[in-house]
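Asker: Quick one: the structure is below, and I'll ask about it shortly.
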Amino acid sequence: MTAKDTIAAFDVIDGKLAVGGIPVDRLAARVGSTPFFAYDRRLLTQRIALLRQKLPPKINLSYAIKANPMPAVVQHLSSLVDSFDVASTGEMRIALDTPIAADHVSFAGPAKTIAELTQAVAAGITVELESETEARRVIAIGEQLGVRPRVAIRVNPDFAIKGSGMRMGGGPQQFGVDSEIVPQLLAALAKADLDVLGFHVFGGSQNLRAEILCEAQRKTVELVTTLAAAMPTPIRYLNLGGGFGIPYFDKDESLDLDMVGANLHELVDGPIRNNFPEARLVIELGRYIVGECGVYVTRVVDCKQSRGKQFVMVDGGLHHQLAASGNFGQVIRRNYPLAIGNRMNEAATGAANVVGCLCTPLDLLGDSVAVPKVEIDDLVVLFQAGAYGMTASPSAFLGHPPAVEILV
Ligand SMILES: *Cc1c(COP(=O)(O)O)cnc(C)c1O
């Protein structure tokens, strides 16, 4: 499985790419304008089914809303996952609008303000403590509200996870409490009126190497076993993080989910059962759940040749889908998969640069991509747009209108 298989997951009807069973030109007519993001409900459902099939039944699946906070997507997922991870009070409100119970919503992230922590404690969600300051604030808020706050400690582990697109654990970090000071924090919390549920360890994001994720999960269980000695009560919550990556580029191989699942089975049936029999076990995933289920659809406004190079110019760009331009955390710019959505059965006749409508050379959506003969009004579809798309892009840059989002 590579990035090309992502395209194959979508149906093609009469030579047209279909999202949710609707050909993309018809979808564009239904939306009434381009560009737009379209998320495929059936693919989302299939993705969760795949995870349920491969991971142990004891594992609770948590959806990290920051990957795609569209309320309809979050509502759809609320019937399929066990819990939500939120990174702001805006995301918290979206989570609380769903049938998922507040005690199955957790709030992680650095620099949570007193106002945000107050909202979280009042809502009864689990606050993932990222520092001693946060712990002090939550205790004071609980006393003020007359509510016993539910907390877990986000631990910055003493090991780093290699191969992550974004590393968020190990070494000095703004995330979490350094593992070596967790025992003293627990001792301080023992005197306070707090419900300390357990631990959360999240080492990084976008990892395609199963053996590294497995090693990280094993080390996480070892670390938590040591830390648990300082817990006054049995651990009731153990969030093993996530970091499952998706293939964005031609050479990326999909994550070996069988290997990750087998490793989790071993951990669940061994050390976790022995040491943490009462823990709710959580794997939290964002992009792995939604990333491959969404496309960004743009319309060709102009085609031109410039000194031997063909340019396909579309009405969208990096202001909606920054990641496809290579400017969201990538070191080397590579092409996201794209297709001419209304010419899926036509063979490539040449190569073109697909560029957006922003007046900057950064707005490059496809560099020398093989395309059939492209005409004005064709629809250029960018894949892997389900996660960190619209909300992770600088939508105000150059003042074009925002993109529409639909769940089909
Ligand atoms: C961002 C984040 C996630 C989601 O990461 P993905 O790569 O989208 O799976 C999960 N947990 C925490 C704590 C995060 O900050």
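The values are calculated or read from the model by the stated rules, or taken from the named source; none is laboratory data. Every value quoted in this text rests on a predicted model; they were computed, and no experiment measured them. Neighbour counts are summed over all protein chains in view; Cβ atoms, including those assigned to glycine, are modelled from backbone coordinates with ideal geometry.
Asker: Output the residues belonging to segment 277-297 that are more than 13 Å from the ligand (Cβ to nearest atom) and either among the hydroxyl-bearing types (Ser, Thr, Tyr) or touching a Cys at 6+ places or on another chain (Cβ under 7 Å) (or both).
Answerer: If the condition is that a residue be more than 13 Å from the ligand (Cβ to nearest atom) and either among the hydroxyl-bearing types (Ser, Thr, Tyr) or touching a Cys at 6+ places or on another chain (Cβ under 7 Å) (or both), then Tyr296 is the only one that fits.
Asker: Let me ask you something else. Do you know which residues across segment 287-303 are in a strand (DSSP E or B) and either free of Cβ contacts under 8 Å to residues at least 60 places away in the same chain or aliphatic (A, V, I, L, M) (or both)?
Answerer: Answer for segment 287-303, where residues must be in a strand (DSSP E or B) and either free of Cβ contacts under 8 Å to residues at least 60 places away in the same chain or aliphatic (A, V, I, L, M) (or both): Val295, Val297, Val300, Val301.
Asker: Right, something else. Restricting attention to segment 250-276, and to residues there that are more than 16 Å from the ligand (Cβ to nearest atom) and not in a helix (DSSP H, G or I), which single residue is farthest from Leu382 (Cα to Cα)?
Answerer: Selected residue: Phe276.
Asker: Just checking, how many residues over segment 374-405 are out of contact with any Lys or Arg (no Cβ under 8 Å at 6 or more places or on another chain) and either away from the ligand (no atom under 16 Å from the Cβ) or not assigned by TED's automatic domain parsing to the domain that holds Val314 (or both)?
Answerer: 17
Asker: Looking only at segment 155-175, count how many residues are among the basic types (Lys, Arg) and either away from the ligand (no atom under 12 Å from the Cβ) or over 17 Å from the mean Cα position of the chain (by Cα) (or both). Show your work before the answer.
Answerer: Quick first cut of segment 155-175, residues among the basic types (Lys, Arg) only: 162, 167.
With either away from the ligand (no atom under 12 Å from the Cβ) or over 17 Å from the mean Cα position of the chain (by Cα) (or both) added as a condition, the list becomes 162.
The qualifying residues number 1.
Asker: A further question on this structure: Considering every residue within segment 238-249, establish whether at least one is surrounded by fewer than 22 Cβ atoms within 10 Å (Cβ to Cβ), within 16 Å of the ligand (Cβ to nearest atom), more than 30 Å from Cys357 (Cβ to Cβ) and assigned by TED's automatic domain parsing to the domain that holds Thr126.
Answerer: no
Asker: Residues that are surrounded by fewer than 22 Cβ atoms within 10 Å (Cβ to Cβ): list the strands (runs of 3 or more DSSP E) wholly contained in segment 107-205 that include at least 1 such residues. Show your work before the answer.
Answerer: Working: elements: 126-129, 150-156, 164-167, 195-200.
Here the list reads 164-167, 195-200.
Asker: All but one of (1) out of contact with any strand residue (DSSP E or B) (no Cβ under 7 Å at 6 or more places or on another chain); (2) at pLDDT below 95 hold for Asn274; state the number of the condition that does not hold.
Answerer: Here Asn274 meets the rest and fails (2).
Asker: With respect to Ser306, determine if the residue is polar (S, T, N, Q), in the same structural domain as Pro401 (by TED's automatic domain parsing), touching an Asp or Glu at 6+ places or on another chain (Cβ under 8 Å) and modelled with pLDDT of 95 or more. First the steps, then the outcome.
Answerer: Working: polar (S, T, N, Q): yes; in the same structural domain as Pro401 (by TED's automatic domain parsing): yes; touching an Asp or Glu at 6+ places or on another chain (Cβ under 8 Å): no; modelled with pLDDT of 95 or more: yes.
Here the answer is no, as Ser306 does not meet what is asked.
Asker: Is it true that some residue in segment 377-385 is over 26 Å from Leu43 (Cα atoms), of a type outside the set (Val, Ile, Thr) and surrounded by fewer than 22 Cβ atoms within 10 Å (Cβ to Cβ)? Give the derivation first.
Answerer: We begin by selecting, within segment 377-385, every residue over 26 Å from Leu43 (Cα atoms); these are 377.
When the remaining residues are screened for being of a type outside the set (Val, Ile, Thr), the result is 377.
Within this subset, residues satisfying the condition of being surrounded by fewer than 22 Cβ atoms within 10 Å (Cβ to Cβ) are 377.
Scanning segment 377-385, I find at least one residue that is over 26 Å from Leu43 (Cα atoms), of a type outside the set (Val, Ile, Thr) and surrounded by fewer than 22 Cβ atoms within 10 Å (Cβ to Cβ), so the answer is yes.
Asker: Next up: Go through segment 2-20 and report how many residues are surrounded by 13 or more Cβ atoms within 10 Å (Cβ to Cβ), touching a residue at least 12 places away in the same chain (Cβ under 8 Å) and under 25 Å from the mean Cα position of the chain (by Cα).
Answerer: Residues in segment 2-20 being surrounded by 13 or more Cβ atoms within 10 Å (Cβ to Cβ), touching a residue at least 12 places away in the same chain (Cβ under 8 Å) and under 25 Å from the mean Cα position of the chain (by Cα): 9 in total.
Asker: Let me ask something else. Hey, among Ala152, Ala216, Ala228, which residue is under 29 Å from Glu116 (Cβ atoms), aliphatic (A, V, I, L, M), touching a residue at least 40 places away in the same chain (Cβ under 8 Å) and away from the ligand (no atom under 14 Å from the Cβ)?
Answerer: Numbers: Ala152 fails: away from the ligand (no atom under 14 Å from the Cβ); Ala216 fails: away from the ligand (no atom under 14 Å from the Cβ).
It is Ala228.
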